[in-house]
Structures are given as C-alpha cells and as structure tokens.
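Structure first, then comments.
The values are calculated or read from the model by the stated rules, or taken from the named source; none is laboratory data. Please read these numbers as outputs of a predicted model, since none were measured by experiment. Note: ideal-geometry Cβ built from the backbone for every residue, glycine included; neighbour counts use all protein chains shown. Just so you know, the surface numbers come from the protein's heavy atoms only, side chains and all, with ligands and any DNA or RNA stripped out. Shrake-Rupley method; radii C 1.70, N 1.55, O 1.52, S 1.80 Å.
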Amino acid sequence: MSKSNAGPRLPRAKGIDMATYYSPRDCAKRARHLILSEFNQKIVDEFVSILGMREEFEKFHVPIPNKVVMYGPPGTGKTLTAFYLANVLELPLVLVRLDAIIHNSHLGETGSNIRKIFDYAGMFPCVLFLDEFDAIARTRDNNDEVKEMARAVNTLLQCLDDFGDKSIMMAATNLEKDLDQAVWRRFDTKMTYSLPDKGKRQQYIQILIGEFQCDEAAITEVSEQLEGCSFADIEQIILKAKRKAIIERQPLQRRHIQESCDEYKPAAASS
Ligand SMILES: Nc1ncnc2c1ncn2[C@@H]1O[C@H](COP(=O)(O)OP(=O)(O)O)[C@@H](O)[C@H]1O
Ligand SMILES: [Mg+2]
C-alpha cells in the first residue's frame, strides 16, 4: 500500500516527502501492546475522555487539551504512544522527523518547511507527531546556525498557537532541559517516559513470549537481569531468543535468552 496516496499530497523538501502519513488502520496495526506507567496511562485515558466530551467542554468554555509533549530515553514508547493515541481516536497519524527537516532544508527554509507541514496537517483532522523535537526546540542560544534556528523556533511558536483544535499535536524528545521555555509552555499535556522497572520488564517479556512455551522462573530471572534495558532492547533480545528456539526446534529456554543478551549487549546491561 502506498502511504503517500492515502492522504492529501505530502509536502516535500528537496524532492523528498517531509512527513509520512499513516491511516488509522496502519496505526491500529502498530499500536498493540503499549505498556505505560500508571501515571501516563491516567493522563492518556483522561485525554481521550476529554476528546469524547467536546460539547461539554465548549459549553463550559474550557478549552480542550490537544498538545502533548513526551520526553524520556529512547525505546520507552514515545513513538508507540503516538500510534496508540491515533488508533484510539481513529485519526490518521502524520509523522515528521524534525531533525530530517532541518537537515534537509536549504538555509533559510527551515521555518517555511515547518509551516508547510503544519499547513498540511491543518487540511484534515489528524495526529501531527513531531519526532526528534529537540532538534528544533533546543534553546535558541546553543546552536551553530543561531539565527536560522531562532527564526524556525519563532515559526514553530506561531504554528503551535494557530494549531486548530480538531487535531492533536504530539512531540517527542529525549531531552527535557534543552527545550526552549516558550515552546515548552505551549504544551498542555506533558508525559515523562522512563526505563521499565522489574515489574514492567516482566510484563513486557510475558507479552513478547506470547504463545512460546517458557518456564516462569526463567522469565522472572531474566526480568531481573535486564535491568537498565529499554522496552526496545528487551524486544530485540526476546526476538533473537525466539529465533534461536525456532532454528533448534526447541521450546524457548533460558539459555536462548541468555545467549541473546550476550549477543545483543544493550549499553546498560553489558557491564
Ligand atoms: N512502553 C512500551 N510498551 C511496549 N512496547 C514498547 C514500549 N516502548 C518501546 N516499545 C517497543 O520498542 C519499539 C520502539 O519504541 P518507540 O516507541 O519507538 O520508543 P521511543 O519513541 O521512546 O524511542 C516499539 O515499536 C515497541 O516495539
Ligand atoms: Mg521514537
């Protein structure tokens, strides 16, 4: 299926699409098994409830929230949350990697390219997801191309202010403190992501193992061992282990996971 044919024509820079369009159905496929902290789950649930009560909010003249910023280490579910929300809200997702836009813009065009993206997302209700958000929102005075970035940030601020309430805007960043305060203030919903604790690791490993047979004690032990791993690391390790089990035509065993850990060596778990 051609994604670019599924929505209005995507804006381009130097002949390359500046965004990727995912239909609600694409989002549904990707959004399975999101594990959130209780805190974030509550935020998401409340967000969804509010969007289902638009009229009530209008009646009381209380603006509805529609700008979410997510921050935390890589592989903890920020991108997945964007797909999840798009799926729950039955909206298409427009995914933009801001670092790519900046990199791919001629000097002086970063701002206008950002505007093109917002214009595009303004054509239909959607979730506009700006990934690698820190690429632009970094404090204005710590960048090489200071003026270019200052202009781009100003454009971004305007775009955020003009963003209609029929759509949702989401942004993800690995850094919290480098974000421009003026940008930061524009968001009505903030979510922090962190590496999974033992309970969450165990829960996730259970899900990943799925219908493969594996003894409980091994899962508990592995969950302990994978301290410091992100969800994405754990996913890679368990997939690797499953492959080993399949080629050996064996049930999934502790040693498969152990070997996978040794081979994968996620930064945090290797020492
Ligand atoms: N909280 C989570 N719950 C379930 N799976 C996750 C979670 N975080 C990451 N993953 C797995 O790792 C992959 C990469 O995660 P992603 O959402 O892109 O992380 P981030 O955007 O925070 O860097 C996901 O597609 C999913 O398979
Ligand atoms: Mg991501």
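Which length gain, in nm to one decimal place, applies between S49 and E90 when the Cα-Cα distance is subtracted from 0.36 nm times their residue separation?
Using 0.36 nm per residue and subtracting the Cα-Cα distance, I get 13.4 nm.
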(message) Given the DSSP H assignment, sum -39500 (n - 2.57) over each helix run of at least 4 residues in the chain and divide by its residue total; what's the result at 222 nm in deg cm²/dmol, nearest 500?
(response) -14500 deg cm²/dmol
(request) Tell me the label-point distance for the pair T220, I246, using the 7 Å Cα-to-Cβ offset, in nm and rounded to one decimal. (result) 3.0 nm
(message) How much of the DSSP bridge set in the chain is antiparallel, in percent, rounded to the nearest 5?
(response) 25 percent
(message) To test your reading of the geometry: what angle, between 0 and 90 degrees and rounded to tens, separates the Cα axis of helix 216-225 from the longest principal axis of the chain?
(response) 50 degrees
(request) Could you pull the accessible area for S37 with a 1.4 Å probe, rounded to 10 Å²? (result) 50 Å²
(request) Give the value in nm², to one decimal: projected area of the alpha carbon convex hull of segment 1-89, averaged over all directions. (result) 8.1 nm²
(request) Kindly give the semi-axes, whole Å and largest first, of the ellipsoid equivalent to segment 198-264, taking each as the square root of 5 times a Cα gyration tensor eigenvalue. (result) 17, 13, 10
(message) Using 0.36 nm times the number of residues separating Q258 and R185, minus their current alpha carbon distance, what extension gain do you get?
(response) 21.8 nm
(request) May I have the convex hull volume per residue, in Å³, for the Cα set of segment 61-197? (result) 115 Å³
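What Kirkwood Rh does the chain have if only Cα atoms enter the pairwise 1/r average? Answer in Å.
About 20.3 Å for the chain.
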(message) Exposed loop sites here are chymotrypsin sites (Phe, Trp or Tyr not before Pro) in DSSP loop states with at most 16 other C-beta atoms within 10 Å. What is the longest stretch of the chain lacking them?
(response) 61-211
(request) Could you tell me which GluC sites (Glu not before Pro) in segment 140-230 are loop residues by DSSP with no more than 13 other beta carbons within 10 angstrom of their beta carbon? (result) E145, E176, E211, E227
(request) Report the residues of segment 165-191 in range of a label on I35: point 7 Å along Cα→C-beta, backbone N strictly under 11 Å from it. (result) none
